[in-house]
Structures are given as C-alpha cells and as structure tokens.
Amino acid sequence: MSTAIPLTIIGAGSIGQRHIGVAQFCAAVDLVCVVEPDDTLRATLAQQGLPMVANIDAAPADTRAAIIATPTPDHAASALKCFDKGWAVLVEKPTAHTLDAANDLVQRATTLGLPFFTGHHRRCHPFTISARDALSELGDLVGVQGLWSLRKHASYYDAPWRRAPGAGPLMTNLSHEVDLLHFLVGEITETTTLLSSASRNLVIEDTASMAFRFAQGALGSMLMSDAGASPWSFESGSYENPAIAGSGEDYLRFTGTEGALAFPSLTRWGRSDGGEIEWSKPLLRHDAPKFAKIDPIKEQLIRFAHVANGGQDDVICSGAEGVKALEITLAAALSGRSGHPVRQGDVPGNFTGI
C-alpha cells in the first residue's frame with residue numbers, strides 16, 4: 001500500500017479551499033500545510049485548525065508534493081519554487097499566464113524529473129473516461145458541436161476585476177472545453193473566433209463563438225456565453241458544481257461516419273442493420289450507461305498522489321497537455337481580436353489573451 005504523500009496547498013482562495021476540503025479527508029495525502037500570504041485569511045483558517053504558513057519557504061521540509069491554487073499570474077513563480085524544492089506539482093488551470101512561462105515550467109520539471117500536472121479535473125469523471133471508448137464506436141469522427149451558456153447573476157459583476165479585460169467567458173471558461181476536447185478527440189490545430197459584448201455592453205465579451213479544426217481532420221464549433229440562460233453546459237449536465245443548477249442535459253454532440261454521441265450522458269446512435277448507414281434509415285439508439293457520482297477534485301488528487309509516489313496515469317492532465325490547452329485558448333482570444341484564424345504556433349509567447 002502506497003504511503004500518504006506529504007502535501008502542501010498554495011493559495012487559500014475559493015478553489016484552494018476546495019482542494020483543502022478534499023485533501024483533509026483523502027487517505028492518499030497528508031496535508032502538512034497551507035500557504036496563504038494574506039494575514040487575515042491565514043489567521044481565520046488557522047483558527048479552524050489548519051496548518052497555515054505565510055510563504056512556500058516556511059512549508060515543512062518533508063513536503064513532497066504541492067497544489068498551486070493562486071491567481072494565474074503567480075502560477076509560474078510558485079511552481080518554480082516548488083521545483084527547486086524537489087516537489088511534484090499540480091497547478092490549477094491555466095498552467096501559466098503566457099505560453100513562454102508555461103513552457104518554461106514544463107522544461108524545468110522535465111529537466112529535474114519531477115511530476116508536473118495542470119488541474120483540468122473534468123478528465124477524471126468516469127463518464128469522461130468512458131466517452132473515449134464510446135467515440136471509437138462512431139467510425140471516423142466528422143465533427144463536434146458544443147453549446148455552453150450559463151447566465152451569471154448581475155451582482156457577479158460588482159467586483160471591478162470581473163469587468164476588466166480577460167474576465168469574459170473566453171479566458172475564464174474556454175480552457176476547460178479545449179482540454180476536454182483534446183482529451184476526447186485530439187489536438188485542435190486552428191481556431192476562428194467571433195466576439196460580442198452586445199448583451200451587457202461591457203469592455204469584455206459576454207458571448208464567443210469558435211470554429212475549430214482538429215489534427216485528424218474533424219471540424220468543431222463552440223458557442224459560449226455568460227449572458228444567455230440555458231440548461232446546456234458541462235456543469236449543468238454533470239451536476240458537478242453545487243453552485244450551478246443541474247439540468248442533466250447534454251451540451252456536446254459528436255458525429256461520425258458510423259453514428260453519433262451526446263455528452264455527458266453518452267447516449268449513442270448507431271447502425272440499425274448491416275447495410276450502409278444513410279439518411280433514409282433510422283439510427284438505433286443506445287441508452288446512456290449509468291455512472292457512479294464522484295468528486296473529480298478528489299479523484300484528481302488520488303491520481304496525482306499515485307504518480308508522485310512513482311506510479312503511472314494516463315488520465316490526469318500533464319503539464320505539456322495543459323500548455324496545449326492554454327495555447328488554443330490564447331489562439332481563440334487572438335483570433336477574436338484580430339479577426340483572422342489562428343493556428344498552432346502562431347500565438348506569441350508573451351501574449352496574455354488581452
């Protein structure tokens with residue numbers, strides 16, 4: 001049986017506290033400390049019995065792994081400090097604020113032989129893992145269509161930073177979808193983006209429409225909006241986030257030469273006889289399988305701890321895969337601002353999406 005990994009969590013904001021809550025009751029790790037520079041928050045959490053410190057250098061010497069849940073501009077600096085201490089690292093998405101910074105982290109971890117991951121936790125759901133097998137039943141993939149639309153409450157925008165450039169759904173939410181599509185389909189090589197701020201008339205977009213080209217030839221589209229009310233999103237369809245109302249509705253649809261698949265339910269349609277599949281014949285519906293409900297943050301932590309203990313895992317998002325998701329997210333932002341398609345390799349290394 002593997003030994004529990006001594007774990008430090010860096011950053012005690014909203015996502016950091018979700019990691020803390022999971023780590024406290026996960027047998028795969030031993031939460032040895034939480035790093036939080038804010039004096040007030042650190043004192044409050046210390047009163048709750050958490051082992052708090054003000055900076056990474058104050059973490060216990062026996063730490064072997066870290067989760068970084070600080071604001072994005074700090075990801076690179078904190079990860080480099082952890083690498084210098086010989087720790088395995090899982091950094092929240094996006095991997096870093098620029099491609100240059102993210103690639104530097106991957107190179108540094110590789111040079112030191114340290115496990116390095118990006119926290120794209122959607123991969124860890126059983127239905128996401130099973131979707132890859134279900135997609136293999138569709139023949140050659142032709143295309144994928146996605147609709148993510150959740151209307152954020154008006155008070156969400158009371159905080160000035162939520163109205164500032166970079167705070168719209170493109171840079172806030174798209175990377176989740178890009179990594180999920182990379183995990184299920186393969187790499188996106190080109191994107192074209194249209195942006196609109198017509199609903200709220202803010203400096204940031206409230207709606208974005210993307211067209212994608214995948215490396216294996218399939219095409220895709222994704223409409224994202226935080227102004228449109230709908231039951232269609234990963235969060236609604238999966239009931240993953242308790243703060244977002246669930247619907248159980250699918251929000252991705254895949255089509256192939258041998259059938260189609262809806263996600264996240266994994267309802268599939270395929271051939272109804274042994275002859276040619278063509279539009280005059282009805283498709284046979286295969287009802288969705290049932291999956292146990294899990295906490296994907298906990299499952300991701302268990303997988304991270306396993307690799308930090310010397311194991312292997314092909315689900316958790318590697319740092320290199322996190323960089324690819326960041327690149328296409330930034331490519332979509334660049335396309336929206338330039339009015340032109342953007343391909344892999346075209347994003348400047350210092351571009352932040354703004």
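Could you tell me which numbered condition SER230 fails, if it satisfies all but one of (1) part of a loop (DSSP other than H, G, I, E, B); (2) out of contact with any strand residue (DSSP E or B) (no Cβ under 8 Å at 6 or more places or on another chain)?
(2)
I'm told PRO282 meets every condition in (1) surrounded by fewer than 20 Cβ atoms within 10 Å (Cβ to Cβ); (2) touching a residue at least 12 places away in the same chain (Cβ under 8 Å); (3) out of contact with any helix residue (DSSP H, G or I) (no Cβ under 7 Å at 6 or more places or on another chain) except one. Can you identify the failing condition by its number?
Condition (2) is where PRO282 drops out.
Name the residue that is least open to solvent (accessible area, probe 1.4 Å), counting only residues in segment 2-53 that are under 26 Å from the mean Cα position of the chain (by Cα), of a type in the set (Gly, Ala, Ser) and under 18 Å from ALA308 (Cβ atoms).
ALA23
Please go through (1) in contact with a Leu (Cβ under 9 Å, 6 or more places away or on another chain); (2) at pLDDT below 95; (3) within 20 Å of ALA131 (Cβ to Cβ) for GLY248 and return the number of the only condition it doesn't satisfy.
(1)
Okay, residues lined up against (1) within 26 Å of PRO264 (Cβ to Cβ); (2) in a loop (DSSP other than H, G, I, E, B):
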site	(1), (2)
VAL144	yes, no
LYS152	yes, yes
SER155	no, no
TRP161	no, no
LEU170	yes, no
LEU174	yes, no
GLY186	yes, yes
THR191	yes, no
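Consider segment 66-87. How many of its residues are small (Gly, Ala, Ser) and buried (at least 23 other Cβ atoms within 10 Å of the Cβ)? Talk me through it step by step, then tell me what you get.
Step one: of segment 66-87, the residues small (Gly, Ala, Ser) are 66, 69, 76-79, 86.
Right, trim to buried (at least 23 other Cβ atoms within 10 Å of the Cβ) and you get 66, 69, 79.
Of the residues in that region, 3 qualify.
Would you pick out the residues in segment 241-281 that are out of contact with any Asp or Glu (no Cβ under 8 Å at 6 or more places or on another chain), assigned to a loop (DSSP other than H, G, I, E, B), more than 20 Å from TRP148 (Cα to Cα) and not hydroxyl-bearing (Ser, Thr, Tyr)?
Scanning segment 241-281 gives ASP273, GLY274, GLY275, GLU276, GLU278, TRP279.
Go through the residues of segment 243-250 one by one and say whether even a single one is of a type in the set (A, V, I, L, M, F, W, C) and surrounded by 20 or more Cβ atoms within 10 Å (Cβ to Cβ). Talk me through it step by step, then tell me what you get.
So the first thing to find is which residues in segment 243-250 are of a type in the set (A, V, I, L, M, F, W, C), and the list is 243-245.
After this cut, where a residue has to be surrounded by 20 or more Cβ atoms within 10 Å (Cβ to Cβ) as well, the list is none.
No, every residue in segment 243-250 fails to be of a type in the set (A, V, I, L, M, F, W, C) and surrounded by 20 or more Cβ atoms within 10 Å (Cβ to Cβ).
The values are calculated or read from the model by the stated rules, or taken from the named source; none is laboratory data. In this text, all values refer to a predicted model and were calculated from it rather than measured experimentally. Cβ: placed from backbone, ideal geometry, glycine included. Neighbour counts: every protein chain shown. Quick note on the areas: whole protein, heavy atoms, side chains included, nothing else; ligands and nucleic acids left out. Shrake-Rupley method; radii C 1.70, N 1.55, O 1.52, S 1.80 Å.
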